[in-house]
Amino acid sequence: MWEISFPIDHRKFVGLKKEFKLNESVVFAGQQLTFKNVTIYPTRVEVDDEFAEENTMKITNFEDLKIVNEKGESWTGTTGAIATHFSDNHWKLFLGSNYFHEGNELYLQATSIRALPKNEVEVVVDLQNKTIIKGPKSLVLD
C-alpha cells in the first residue's frame, strides 16, 4: 500500500468565489423554472433553481446539464450534475468548475429535462399480486 501525504493550505481558498444574481425564468412545456443565482467556486459551480408552485409537472432531472462559454467549451463534472433538493420547488445544482478560465459569456444548457405530471409521481405496488396500483401512465413492468 502506498501513502502519500501533502499539506493543503485551506486559507488560500477562503473567499474565492464569483457570484451572479440572475433571477431569469424560462418556460418549457408550460412549466416555469427560475435560475436565481450562480456561484462559481474553484472546485464547483452552484446553480440555485426554483420551480413555480403552479407547475403541473414535477421536475425530476436535467439531462446532460452543463455550463458552456461563448467558445463552446463546457464545464461539467465527471459524473454530471449533482442536486440538493431543499423542496420539490427548490434545488441547488452542482457542476464541475472552470473557475480559473475566464469567459465573456456563460450559458446553462441541458439536452432534456425530465418531468412527470404531479398526480402521477407516487408509485403504489401490490407486492402480493405483483401489480402497480398507482403510478405514471407510462410505467410498465416486465
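The values are calculated or read from the model by the stated rules, or taken from the named source; none is laboratory data. Quick caveat, the model's predicted, so the values are computed rather than measured. Reconstructed Cβ throughout: ideal geometry from the backbone, glycine too, with neighbour counts over all protein chains shown. In case anyone asks, the SASA skips ligands and DNA or RNA and just uses the protein heavy atoms, side chains included. Shrake-Rupley method; radii C 1.70, N 1.55, O 1.52, S 1.80 Å.
Here are the numbers for this structure:
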item: Yes/no for Thr131 being at pLDDT below 85 and either open to solvent by less than 70 Å² (accessible area, probe 1.4 Å) or farther than 26 Å from Phe28 by Cβ (or both); result: no
item: Selected residue (criterion: modelled with the highest pLDDT) from residues of region 61-91 that are of a type in the set (A, V, I, L, M, F, W, C) and in a strand (DSSP E or B); result: Trp91
item: Among residues of region 52-62, those that are surrounded by fewer than 17 Cβ atoms within 10 Å (Cβ to Cβ) and under 9 Å from the mean Cα position of the chain (by Cα), counted; result: 1
item: Selection count where residues are farther than 22 Å from Ala110 by Cβ and part of a loop (DSSP other than H, G, I, E, B), scope region 5-47; result: 10
item: Residue under evaluation Asp49, criteria (1) among the charged types (D, E, K, R); (2) open to solvent by 70 Å² or more (accessible area, probe 1.4 Å); (3) in contact (Cβ under 8 Å) with a residue 12 or more places away in the chain, criterion not met; result: (2)
item: Selection count where residues are of a type in the set (Gly, Ala, Ser), touching a residue at least 12 places away in the same chain (Cβ under 8 Å) and over 17 Å from Ile40 (Cβ atoms), scope region 88-142; result: 4
item: Condition broken by Lys58, with the remaining ones in (1) under 22 Å from Gly103 (Cα atoms); (2) touching a helix residue (DSSP H, G or I) at 6+ places or on another chain (Cβ under 9 Å); (3) assigned to a strand (DSSP E or B) satisfied; result: (1)
item: Selection within region 102-123 - over 22 Å from Ile59 (Cβ atoms) and open to solvent by less than 60 Å² (accessible area, probe 1.4 Å); result: Gly103
item: Considering residues of region 92-114 that are in contact with a Ser or Thr (Cβ under 7 Å, 6 or more places away or on another chain) and modelled with pLDDT of 85 or more only, the residue nearest to Phe28 (Cα to Cα); result: Arg114
item: Members of region 3-42 that are surrounded by 12 or more Cβ atoms within 10 Å (Cβ to Cβ) and among the small types (Gly, Ala, Ser); result: Ser25
item: Positions within region 18-46 being among the aliphatic types (A, V, I, L, M) and closer than 17 Å to Gly103 by Cα, in sequence order; result: Leu22, Val38, Ile40, Val45
